[in-house]
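Below: the structure, in structure tokens.
The values are calculated or read from the model by the stated rules, or taken from the named source; none is laboratory data. It should be emphasised that the depicted structure is a prediction, and the values quoted were computed from it without experimental measurement. Glycine gets a Cβ as well: all are built from the backbone with ideal geometry, and neighbour counts include every protein chain shown.
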Amino acid sequence: MNENLKLLNSHASVRNFTDKEISIEDEMKIVTTAQRSGTSSNRQAYSIIGIRNKKKKEILAELTGGQQHVIDSSLFLVFCADLYRLEQINEKKKYETHSDYTELFIIATVDAALVAERAMITAQALGMGGVMVGGIRNNPDKVSEMLDLPKLVYPVMGMSLGYPSKEPKLKPRLHIDAIYHK
Ligand SMILES: Cc1cc2nc3c(=O)[nH]c(=O)nc-3n(C[C@H](O)[C@H](O)[C@H](O)COP(=O)(O)O)c2cc1C
């Protein structure tokens with residue numbers, strides 16, 4: 001198997017981390033590589049928030065349902081769907097945004113999810129591991145208040161990242177016939 005496929009096929013969520021910090025350089029590699037992800041009509045309707053502050057991670061761990069790995073992570077990322085930026089640009093250009101359309105909600109949510117997946121793969125390529133945190137949507141109001149999110153910006157998923165303290169086990173997948181149809 002070539003190296004890229006090996007990396008992709010080795011994915012397993014990591015929830016146990018060593019104390020080793022992710023360097024700022026690697027943090028930016030994760031974010032800039034994630035940013036190369038395709039997005040719908042290149043709207044880039046997402047924003048990423050990076051959190052290292054222990055106190056803030058403790059609050060987020062609580063808000064996501066008591067997930068210890070949020071605190072233990074070196075870097076916690078929050079991937080937000082962001083229609084606020086688009087609305088601001090459109091207002092300046094005197095275009096309409098239709099921020100209340102379900103289609104735009106889906107576009108922004110998918111953009112955020114695709115960027116998040118690429119961030120995860122990049123972290124793995126750099127020898128780190130992590131786990132996505134859908135629990136960030138457990139308390140969307142409180143999370144939005146804490147992160148000072150403007151209107152039309154909402155958290156889609158979080159991501160705990162760090163260096164694995166133990167090798168994660170691969171979890172099984174459905175039989176291919178269950179998910180692929182010709
Ligand atoms: C969108 C999304 C949200 C997730 N949210 C959580 C979460 O809040 N907490 C957690 O421990 N794992 C979370 N996970 C990890 C999944 O449980 C994990 O990907 C799944 O069990 C398959 O395991 P694997 O990633 O090790 O292959 C999430 C994964 C995805 C893709």
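Okay, here's what the table says:
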read-out	value
Matching residues in the range 92-112 - criterion: being part of a helix (DSSP H, G or I) and surrounded by fewer than 17 Cβ atoms within 10 Å (Cβ to Cβ)	Lys92, Lys93, Thr102, Glu103, Phe105, Ile106, Val110
Per-region count, the range 6-58, residues of a type in the set (A, V, I, L, M) and away from the ligand (no atom under 16 Å from the Cβ)	7
Among (1) at pLDDT below 95; (2) surrounded by fewer than 16 Cβ atoms within 10 Å (Cβ to Cβ); (3) not in a helix (DSSP H, G or I) - the single one Gly127 does not satisfy	(1)
Matching residues in the range 140-156 - criterion: being surrounded by fewer than 24 Cβ atoms within 10 Å (Cβ to Cβ) and within 16 Å of the ligand (Cβ to nearest atom)	Pro140, Lys142, Val143, Tyr154, Val156
Inter-residue pairs, beta-carbon under 7 Å, first touching a residue at least 60 places away in the same chain (Cβ under 8 Å) and under 13 Å from Phe76 (Cβ atoms) and in the range 105-133, second part of a helix (DSSP H, G or I) and among the charged types (D, E, K, R), 6+ apart	none
Single condition Glu145 does not satisfy, out of (1) on the phi > 0 side of the Ramachandran plot; (2) outside any loop (DSSP other than H, G, I, E, B); (3) acidic (Asp, Glu)	(1)
Residue in the range 139-157 that is closer than 30 Å to Lys6 by Cα and either at pLDDT below 95 or touching a strand residue (DSSP E or B) at 6+ places or on another chain (Cβ under 9 Å) (or both) present	yes
Residues being more than 20 Å from Lys57 (Cβ to Cβ) and within 15 Å of the ligand (Cβ to nearest atom) - total across the range 157-182	10
Neighbours by Cβ (under 9 Å, 6+ apart or cross-chain): first from the range 31-51, under 16 Å from Ser160 (Cβ atoms) and at pLDDT 95 or above; second acidic (Asp, Glu) and surrounded by 14 or more Cβ atoms within 10 Å (Cβ to Cβ)	Ala34/Glu117; Gly50/Glu27
Top-ranked residue of the range 77-123 - restricted to ones that are in contact with a helix residue (DSSP H, G or I) (Cβ under 8 Å, 6 or more places away or on another chain), closer than 10 Å to Ser47 by Cα and of a type in the set (D, E, K, R), ranked as nearest to the ligand (Cβ to nearest atom)	Asp111
Condition met for Ile89 (touching a Ser or Thr at 6+ places or on another chain (Cβ under 6 Å), farther than 25 Å from Ile22 by Cα and outside any strand (DSSP E or B))	no
